[in-house]
Amino acid sequence: MTELVLTSPLDMHLHVRQDAMLDVVAPLSAQHFAGAVIMPNLVPAVDTVERLHWYTGEVRRATAGHAFDPFMTLFFRDYTREELVAAKPHIIGIKLYPAGATTNSDNGVQEIMSMAHVFAMMEELEIPLLVHGETHGFVMDREEEFCEVYRALATRFPRLRITMEHITTRAAVQLLDEFPNLRATVTPHHLIITLDDVAGGLLNPHLFCKPIAKRPEDRDALLQAALAAHPKLMMGSDSAPHPVSKKECPGCAAGVFTAPIILPMLAELFERHNVLHNLQAFVSDRAQQLYGVTPPRTTVRLVREEMTIPERYGDVVPMWAGRTLPWRVASVTA
Ligand code: DOR
Ligand code: ZN
């Protein structure tokens, strides 16, 4: 095949930051995607309705001129019912970070089940819960250990829609089939890399993220589910830009920046496995079904022509900088 057309691709997990960084990275997503779930882990976090309105305005300003719906989230805390009711029309869900699990999550939740009253209200108000699912255990085991928490939440709040964000393990893939109210996002990079790519040779800081890439058998389980367009799995890039000075240094920040290369990367991957016909479901249809969203209708045409990945976007180094991909985005029409 030499041409591929996608309709209204969606990125169901995206970091666009704020200020100058927002202006660099948000248009790169908006130029390919018809919508994205915008993460709230700014400093300070987006955890009031007032700050939500401010941030929504900022994202809209930075993506003006594109057919792009920002699906906003709040940073989970002990909200009152009044706050949840006020926020609901303006958000797609609330993102829970265990305290200290990742970038800007120090004010996350210490003891998840102590928040049962908030989960109960979210269930009643039909507000989805998005979760960064990692314990504070050994780094390779954090997600698998967290599966117990997913089980407890899914069982105790059977009508609460819970998204397991950026899953990286076979154990998490298996949970999808166990609980009707669990769904998940997976990143393109976790479909491709393992810990070996991060730290098996010379350390690659641009592939360092949380959750860390795991074993080949985990990657293969994720890949199999994505290639098959699993009905409960959505593409969420977790594209998470940091300035090069925060990546190429001791104390490297976690986050892989993929926003501008997601669609070409996935076209190559799905083509290599002879399932290009499933890419539309993975990058848009599943998200529309699972969240009941209707993004602007856009037509994205990819062609089988080489794209060399730039060394930098502003002061951000993308994944695979300098490499060549066999597909590129040729046009986007709204
Ligand atoms: O690697 C990551 N970077 N994982 C996260 O969960 C957060 C993100 C960020 O905000 O940089
Ligand atoms: Zn994230």
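Every number here is computed from the coordinates shown, using simple stated rules; none is lab data. The structure displayed is predicted, hence computed values, not measured ones. Positions of Cβ are generated from backbone atoms using ideal geometry, with glycine treated the same way; all protein chains shown enter the neighbour counts.
General remarks:
- Bridge type composition, the chain - antiparallel percent by DSSP, nearest 5: 35 percent
- Relative exposure of 191, 222, judged by other C-beta atoms within 10 Å (fewest first): 191, 222
- Taking the charge dipole of the chain about its Cα centre, with +1 at Lys and Arg Cβ atoms and -1 at Asp and Glu Cβ atoms, the residue from 181, 117, 139 reaching farthest to the positive side is 181.
- Computed about its Cα centre, the charge dipole of the chain is approximately 520 debye, with only Lys, Arg, Asp and Glu carrying charge at their Cβ.
- Selection from 49, 4, 255 lying farthest towards where the dipole of the chain points positive, charges on Cβ: 4
- Among 250, 310, 264, the largest mean-square fluctuation in a Gaussian network model of the chain (Cα springs under 10 Å) belongs to 250.
- Simple rule: put +1 on each Lys or Arg Cβ and -1 on each Asp or Glu Cβ in the range 1-118, find the dipole, and look at 72, 102, 20; the Cα lying farthest toward the positive end is 72.
- Within a Gaussian network of the chain (alpha carbon springs, distance under 10 Å), most fluctuating of 124, 217, 82: 82
- This model, with +1 at the C-beta of Lys and Arg and -1 at the C-beta of Asp and Glu, gives the range 107-174 a dipole about its Cα centre of some 180 debye.
- When the Cα gyration tensor is reduced to axis lengths a ≥ b ≥ c, the ratio a/c stays below 1.5 for the chain, which is therefore classed as rounded.
- Within a Gaussian network of the chain (alpha carbon springs, distance under 10 Å), most fluctuating of 240, 267, 120: 120
- In Hz, Karplus ³J(HN,Hα) per residue of the range 158-163 (6.51, -1.76, 1.60; θ = phi - 60°; x = Gly, Pro): x, 9, 7, 7, 10, 9
- Compactness check for the range 181-254: Cα Rg over 2.2 N^0.38 Å is 1.20.
- Estimated dipole of the range 177-217 in Debye, rounded to 20 [Cβ of Lys and Arg +1, of Asp and Glu -1, Cα centre]: 160 debye
- Residue 141 versus residue 56: modelled label distance in nm, points set 7 Å from Cα along the beta carbon direction: 4.3 nm
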